[in-house]
Amino acid sequence: MIALRSERDLFLHVQIVRARPADAPALSAIAWAAKAHWGYPASWLEEWREQLTFTPEFVAANETFFARRDCQIAGCYALVAKAEALDLAHFWVRPAEMGQGIGRLLFTHALGRAAARGAARLTIESDPNAEAFYLHLGAVRVGAVATEIDGQPRELPLLIYDLTRSTCSRGR
C-alpha cells in the first residue's frame with residue numbers, strides 16, 4: 001500500500017477509466033465484495049445477485065467507469081439516464097480501498113460526467129450503510145424506497161445531488 005499524504009497524491013496514483021463490456025465480471029466482483037463488506041447474510045447477497053451484476057450489455061449501454069490503483073480496480077460507478085436526471089445506478093468501492101479517498105474521487109468524477117451530459121441532478125438510491133458518505137459529499141435525502149427481503153422490511157435512502165449549484169461547493 002502506498003502511503004499518501006494528500007488527496008492530490010491519491011489523484012496522482014489513481015486512473016479513472018471508461019469500462020468496456022469485457023470488464024463486467026471484474027466490476028461485478030467489486031460490487032459483490034463491497035456489498036458483502038457490510039455483513040449482509042449470504043442469502044441476501046444471493047437474492048441481490050442480479051442487482052450486483054454488471055453485464056457486458058449494461059456496460060456497453062451506460063457510462064461505466066472504474067478507478068484503477070496499483071493495477072487493480074479500486075472502485076466503479078455507472079450512470080443511467082432517467083427522465084431529466086441521471087441515476088447513479090452502481091457505486092462500489094473495494095473494501096480494502098474504503099476510507100482512502102477512492103470513493104470521493106469516483107463520486108466527483110460521476111458529478112462531472114453527469115454535468116457534462118446536461119443533467120440537472122443525480123439521483124441515488126443508497127444502501128443504508130452508504131448514506132452518510134453521500135450526505136457528506138453534498139447529496140440531500142429526499143425520501144426512501146421501501147423494500148423487503150426475507151420477510152423483513154428495509155428502507156433504502158433516496159438522495160439527490162443538485163448539479164445546478166456552484167461547483168465550488170462540491171464535495172465539501
List the residues whose amide H sits under 5 Å from the amide H of Leu163, counting only those 5 or more places along or on another chain, with H placed 1.01 Å from N in the peptide plane. Arg121, Leu122
Sequence ranges 13-23, 86-96, 141-151, ranked by mean other-Cβ count within 10 angstrom, highest first: 86-96, 13-23, 141-151
Over the chain, relative contact order from alpha-carbon pairs under 8 Å, at least 6 apart, %: 18 percent
Name the long-range amide H neighbours of Phe54: under 5 Å, sequence gap of 5 or more, or other chain; modelled H, no Pro or chain starts. Ser28
Debye, to nearest 20: dipole size of the chain, +1 on Lys, Arg Cβ, -1 on Asp, Glu Cβ: 820 debye
Taking the dipole about the Cα centre of the chain, with the C-beta of Lys and Arg at +1 and of Asp and Glu at -1, give me whichever of Cys76, Ala119, Pro25 is farthest to the positive side. Ala119
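Bear in mind that the values in this text are calculations on the coordinates, not laboratory data. Given the structure is predicted, the values throughout are model-derived calculations rather than measurements. Counting neighbours? That spans all protein chains shown, and the Cβs are built from the backbone with ideal geometry, glycine included.
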